[in-house]
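Visitor: Submitted below is the structure of interest, expressed as structure tokens.
The values are calculated or read from the model by the stated rules, or taken from the named source; none is laboratory data. If you're wondering where the values come from, they're calculated on a predicted model, not measured in any experiment. Cβ coordinates were reconstructed from backbone atoms using ideal geometry, including for glycine residues, and neighbour counts include every protein chain displayed.
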Amino acid sequence: MAGTREKRSYEQQCGLAIALDLVGERWTLLIIRELLVRPRRYRELLDALPGIGTNLLAERLRGLEEAGLVTRLDPDRRTAGYALTEQGAALRATVVSLARFGLDVAGRQSIPAHAAARASWSVLAVEAMTLGAHPEGVDETYEFTVDDEVFALVVEGDEVQVRPGAATGPVLSVQTDAATFLEIGTGHLDPIEALLGGRVTTTGPVEAVTRCLRLLGLAPARIMSPRAA
């Protein structure tokens, strides 16, 4: 039987290098991305990470457990599922910032025809798109259904939160598929064009659609009057 592969290290006394020793290997941050949405069973992780391979996934999960970033929901059953520890969940801001950077980069490139798209990825994408957003003083909730993934974008005062699961009393409901969402989020498809073409459907007032688009950075910012500025 082959021995356990020796874990590589940058061996640098630098915070970034030390962090990358833990999460810098291929697939590791993508596993964390999935667990930031919600706990996952092993098979769900495998399905959400096309191309990873079951042996590599098991190895990466084992490393994350040893690092104290991931915990097994049932220590005696690998299939019971995995969740982030408090330390693992602290990576949210870092992962969301990287996702925002990636969306900006993707907007300057063409989307490969073979690129995979998963509905769960849209949850973190919305969080990234609203990073640093400035709400317009209207408390309201938008519900998104991307394929079979349902989540809410909640505006309360100056705070914007993305919450998994169905919304309570949403002013606007948005339905689309993962591929369309990716095209819109990366700027390759105009959201109004997607609405007119039926690739996105909405239920709610036009004003809420406009506010939601601005919040996501998909429409021009509202022009502020001198009094409001």
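Visitor: How many of the residues making up region 35-82 are touching a Ser or Thr at 6+ places or on another chain (Cβ under 8 Å), surrounded by 14 or more Cβ atoms within 10 Å (Cβ to Cβ) and over 14 Å from V23 (Cα atoms)?
Guide: The number of residues fulfilling the criteria is 7.
Visitor: I've got another one for you. Which of the residues spanning region 182-199 are of a type outside the set (D, E) and in a helix (DSSP H, G or I)?
Guide: Answer for region 182-199, where residues must be of a type outside the set (D, E) and in a helix (DSSP H, G or I): L182, I184, G185, P191, I192, A194, L195, L196.
Visitor: Within the group A133, A125, which residue is under 20 Å from the mean Cα position of the chain (by Cα), in a helix (DSSP H, G or I) and in the same structural domain as T201 (by TED's automatic domain parsing)? Before you say what the answer is, go through the steps one by one.
Guide: Details: A133 fails: in a helix (DSSP H, G or I).
The conditions single out A125.
Visitor: Select the helices (runs of 4 or more DSSP H) contained entirely in region 1-71, then report the ones holding at least 1 residues which are within 14 Å of G88 (Cα to Cα).
Guide: So the answer is 15-23, 28-37, 54-66.
Visitor: Right, next: How do the pairs read when you match residues in region 30-49 that are within 17 Å of D147 (Cβ to Cβ) with residues anywhere that are charged (D, E, K, R) and not in a helix (DSSP H, G or I), using Cβ under 8 Å and keeping only pairs 6 or more apart or on different chains?
Guide: As it stands, the answer is E34/R40; A48/R40; A48/R118, since those pairs meet every condition given.
Visitor: Moving on to the next point. Which members of region 149-164 meet the condition of being within 15 Å of S122 (Cβ to Cβ) and either at pLDDT below 95 or not assigned by TED's automatic domain parsing to the domain that holds A208 (or both)?
Guide: The one that is within 15 Å of S122 (Cβ to Cβ) and either at pLDDT below 95 or not assigned by TED's automatic domain parsing to the domain that holds A208 (or both): P164.
Visitor: Of the residues in region 105-119, how many are part of a helix (DSSP H, G or I) and surrounded by 13 or more Cβ atoms within 10 Å (Cβ to Cβ)?
Guide: So the count comes out to 1.
Visitor: Kindly indicate the residue of region 182-193 that is over 20 Å from A116 (Cα atoms) and of a type outside the set (D, E, K, R) and also surrounded by the most Cβ atoms within 10 Å (Cβ to Cβ) among those meeting that condition.
Guide: Step one: of region 182-193, the residues over 20 Å from A116 (Cα atoms) are 190-193.
Applying the additional criterion that residues be of a type outside the set (D, E, K, R) yields 191-192.
Details: P191: 23, I192: 13.
By that ranking, first place goes to P191.
Visitor: Could you grab the pairs with beta carbons closer than 7 Å, sequence gap of 6+ or different chains, first residue in region 110-137 and at pLDDT below 90, second one part of a loop (DSSP other than H, G, I, E, B)?
Guide: Going by the 7 Å Cβ cut-off, the qualifying pairs are I111/T186; I111/H188; A116/P50.
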